[in-house]
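The values are calculated or read from the model by the stated rules, or taken from the named source; none is laboratory data. Quick caveat: nothing in here was measured; it's all calculated off a predicted structure. Cβ placement follows ideal geometry from the backbone for every residue including glycine, while neighbour counts extend to all protein chains displayed. Calculation scope for accessible area: heavy atoms of the full protein, side chains included, ligands and nucleic acids excluded. Shrake-Rupley method; radii C 1.70, N 1.55, O 1.52, S 1.80 Å.
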Amino acid sequence: PYTTLFRSGGFGVSDDPSYFCCHFGASWKTWFDRGGAFAVAAVRGGGERGGEWHLAGAGMNKKKMFDDFASVAKDLERTGFSDPTHLGITGHSNGGTLTSGAIVLWPNIFGAAVIGAPVTDFAIVGHGDGSIGAGMGTEFGDWNDPAQRRVMQTWDPYFNIRQRVTYPPVLVVVATTDNQVGPSHARRYVAKLQ
C-alpha cells in the first residue's frame, strides 16, 4: 500500500500514532479509506523512552535521529510493507527538519515528502533567519563552533543538497505567521533543490 511515515523526533516530544495528527486532521480518513497506511517512527531525540532517549538524538548526537528514521523506512521496505515508490514521509517543525534532511540524505528510499515549517540551513540559525534561534543550540548544536559544525554538516538538510541528484517530489509548506520558524529556511531549501 501507499504508506506515510511520520515523525517529529526532537525536543523530547512524544508522537503517538493518531488518526488526526500531522496537520492533516480528518483528511486522513480518506487516505485510510483508499487503502493507505500510516506509520510513526520511534527515533532518538523524541520523548517516548525518556530523557536519555531524547539526549541520544540531540546536540552532537542529532544524526542518530536521521539514521533511525531511515532505518525504519528501510525496514518497512525490507519486510514488504512498502517500497521506495510507495513510501512518503511527512513532518512539521522539527519533523520538517527531519524529513527535509532524510530526503536529501537518502533520496532513493522515499517516493515523496510533505515537509512543514522546516529549519533546513543551520549556518543561518539565529542570524536573522526568523527561526527560534539561540534556543536551538542544545537540540541541534552550535554551527559557529568548528568542531560542532563538522558534525552538523553530516545531516544539515541545506548543506547536503547535491547537484545531479534526482530527489523525490517534495511539497514544502510554511506560513509567514509561524512564530517558531519563518519562511526563509523553506524558501532557501526549495530554491537549492530546484
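Within the shell defined by Cβ-Cβ distances under 14 Å, the residues around S27 carry a net charge of +1, with Lys and Arg each +1 and Asp and Glu each -1. Partners of K74 within straight-line reach, counting lysines whose Cα lies under 24 Å from its Cα and excluding those fewer than 8 residues away in the same chain: K62, K63, K64.
Averaged over residues, the count of other Cβ atoms within 10 Å places the peptides 41-52, 73-84 in the sequence 41-52, 73-84, highest first. Helix 94-105 and the longest principal axis of the Cα set of the chain meet at an angle near 80°. Couplings 3J(HN,Hα) of the range 178-186, computed from phi: 5, 8, 10, 10, x, x, 4, 5, 4 Hz, in residue order, whole Hz [Karplus 6.51 cos²θ - 1.76 cosθ + 1.60, θ = phi - 60°; x for Gly and Pro]. Estimated from the Cβ-Cβ distance and a Förster radius of 41 angstrom, the FRET efficiency linking D145 and A42 is about 0.90.
Bridging of K192 to aspartates and glutamates at a Cα separation below 12 Å is possible for D121, once same-chain residues fewer than 8 apart are set aside. Using the average count of surrounding beta-carbon atoms within 10 Å as a protection proxy, the listed peptides 139-145, 98-104, 180-186 rank, highest first, as 98-104, 180-186, 139-145. Each DSSP beta bridge with both residues in the chain is either parallel or antiparallel, and the antiparallel ones are about 5%. A simple count of charges around D68, restricted to other residues whose Cβ falls under 12 Å of its Cβ and scoring Lys, Arg +1 and Asp, Glu -1, yields +4.
Gain on full extension, evaluated as 0.36 nm per residue between T30 and T154 minus their Cα-Cα distance, stands at 40.9 nm. Taking 0.692 mPa s as the viscosity and 37 °C as the temperature, the Stokes-Einstein diffusion coefficient of the chain based on its alpha-carbon Kirkwood radius rounds to 197 µm²/s.
Computed in the context of the full set of protein chains, the accessible area of the chain at 1.4 Å probe radius has 55% of its extent on carbon or sulfur. In the context of the full set of protein chains, the range 35-119 has a per residue accessible area of 34 Å² (1.4 Å probe).
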